[in-house]
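Asks: Please see the structure below; I have some questions.
The values are calculated or read from the model by the stated rules, or taken from the named source; none is laboratory data. Quantities reported herein were computed from a predicted structural model and do not represent experimental measurements. Every residue, glycine among them, receives a Cβ derived from its backbone with ideal geometry; neighbour counts consider all protein chains shown. Just so you know, the surface numbers come from the protein's heavy atoms only, side chains and all, with ligands and any DNA or RNA stripped out. Shrake-Rupley method; radii C 1.70, N 1.55, O 1.52, S 1.80 Å.
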Amino acid sequence: METNKTAATTAKSNADSLKKSSNSKSTVKHKKEEPLEQFFIDALKDMYWAEKAIVESLPKMRDAATTEELKEAFEDHELQTRKHISRLEKVFEETGQKAEAKKCEAMAGILKECEEIKNSTPEGTMTRDAALIIAAQKVEHYEIASYGGLVQLALTLNYNKAADLLNKTLAEEEETDEALTDVAESYINFEASREGDEEEESETAAY
Ligand SMILES: [Fe+2]
Ligand SMILES: [Fe+2]
C-alpha cells in the first residue's frame, strides 16, 4: 500500500533530524504561556486519553476476531499500547507537566466504529476480520498523524528527549499499520471475498 510506504519513512526521517538536533543543547526556557507550547501539551493530553481508550478497546476487538492471527495481533498491540502510555508519562515529565488525559473525540468515534463491527458482520467469518483490520488501521493512522505532528512540535520547542520518545512510539505505530496490512493481504481479504460464493455453492449443491 502506498500510504504505508510513506508512513514508514516518517519515523526514520524524524530520527535523522533528531540526530542533528541532539548536538545542539536543549535550551528549554519558560514558555508555558506561549500558544504553541499550550497546544503541544493539549495534544499530548489528547493522545494520553486516546492510548488509554485503545487499551480498553483492544481486548473487545480480540474477542470479536475470527482468526488466531488477528487475535494475536490485537494482543501484541495491547502490550505495546501500554508501553505508549508510560512513554507519554515520561514525555509529560520531560516537559515539566503532570500527566493528564483530555477526551479525544476523534479517537472515541473511531473506537466506537471498531466495536460496532461486531454487530455489522457475521460471527466467525473472514469478513469480520477484514472489517476489523480496516477499523484498526484507522486507529493507527490517527496515531501516526498525531505522533508525527507531536515529534515535530517537540523538536520546535526544543524538547529533544521528548521528541525522541515520541518518535519511538511513531515508529511502532507505523510497524503495526504495516503488520495489519500484511495480515489482510496474506489471506484474510481473499477468503472474505469467497465467503458469499461458498454459501451460494453449497445452496446450489443442496438442490
Ligand atoms: Fe499507540
Ligand atoms: Fe497503535
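Asks: Could you check, for the range 75-84, whether at least one of its residues is touching a residue at least 12 places away in the same chain (Cβ under 8 Å), open to solvent by 40 Å² or more (accessible area, probe 1.4 Å) and in contact with a Leu (Cβ under 9 Å, 6 or more places away or on another chain)?
Replies: Scanning the range 75-84 turns up at least one residue that is touching a residue at least 12 places away in the same chain (Cβ under 8 Å), open to solvent by 40 Å² or more (accessible area, probe 1.4 Å) and in contact with a Leu (Cβ under 9 Å, 6 or more places away or on another chain).
Asks: Run down E69, E37 and say which single residue is open to solvent by less than 70 Å² (accessible area, probe 1.4 Å), more than 19 Å from K112 (Cα to Cα) and in a helix (DSSP H, G or I). Please lay out each step first, then the result.
Replies: On the way: E69 fails: open to solvent by less than 70 Å² (accessible area, probe 1.4 Å).
Of E69, E37, the one residue that is open to solvent by less than 70 Å² (accessible area, probe 1.4 Å), more than 19 Å from K112 (Cα to Cα) and in a helix (DSSP H, G or I) is E37.
Asks: Could you please let me know if A145 is open to solvent by 40 Å² or more (accessible area, probe 1.4 Å), within 16 Å of ligand 2 (Cβ to nearest atom), on the phi < 0 side of the Ramachandran plot and touching a helix residue (DSSP H, G or I) at 6+ places or on another chain (Cβ under 8 Å)? Step through it out loud before you land on a result.
Replies: Values: open to solvent by 40 Å² or more (accessible area, probe 1.4 Å): yes; within 16 Å of ligand 2 (Cβ to nearest atom): yes; on the phi < 0 side of the Ramachandran plot: yes; touching a helix residue (DSSP H, G or I) at 6+ places or on another chain (Cβ under 8 Å): no.
When the stated conditions are applied, A145 does not pass them.
Asks: Name the residue that is surrounded by the most Cβ atoms within 10 Å (Cβ to Cβ), counting only residues in the range 51-66 that are of a type outside the set (K, R) and within 23 Å of T127 (Cβ to Cβ). Talk me through it step by step, then tell me what you get.
Replies: Start the filter on the range 51-66 by keeping residues that are of a type outside the set (K, R), which leaves 51, 53-59, 61, 63-66.
Then keep just the ones that are within 23 Å of T127 (Cβ to Cβ); that gives 57-59, 61, 63-66.
Values: S57: 22, L58: 24, P59: 12, M61: 26, D63: 10, A64: 21, A65: 23, T66: 21.
Filtering first and then ranking leaves M61.
Asks: Give me the residue from the range 126-139 that is crowded, with 24+ Cβ neighbours inside 10 Å and within 15 Å of ligand 1 (Cβ to nearest atom) and, out of that set, farthest from L44 (Cα to Cα).
Replies: A136
Asks: Provide a single number: the residues in the range 113-125 that are open to solvent by 40 Å² or more (accessible area, probe 1.4 Å) and either in contact with a helix residue (DSSP H, G or I) (Cβ under 9 Å, 6 or more places away or on another chain) or under 18 Å from E69 (Cα atoms) (or both). Even if it seems obvious, please write down each step before you answer.
Replies: If we filter the range 113-125 for residues that are open to solvent by 40 Å² or more (accessible area, probe 1.4 Å), which is where we start, we get 113, 115-116, 118-120, 122-124.
Still in the list and also either in contact with a helix residue (DSSP H, G or I) (Cβ under 9 Å, 6 or more places away or on another chain) or under 18 Å from E69 (Cα atoms) (or both): 113, 115-116, 118, 120, 122-124.
Residues meeting the conditions: 8.
Asks: Cβ-Cβ below 6 Å, separation at least six or inter-chain, first residue in the range 41-66 and under 14 Å from Y142 (Cα atoms), second open to solvent by 30 Å² or more (accessible area, probe 1.4 Å) and not in a helix (DSSP H, G or I): which pairs?
Replies: From the range 41-66, the pairs are D46/K102; Y48/A101; W49/A101; W49/K102; W49/K103.
Asks: Only one of these conditions is not met by D177: (1) in a helix (DSSP H, G or I); (2) out of contact with any Asp or Glu (no Cβ under 6 Å at 6 or more places or on another chain). Which number is it?
Replies: Result: D177 fails condition (2) only.
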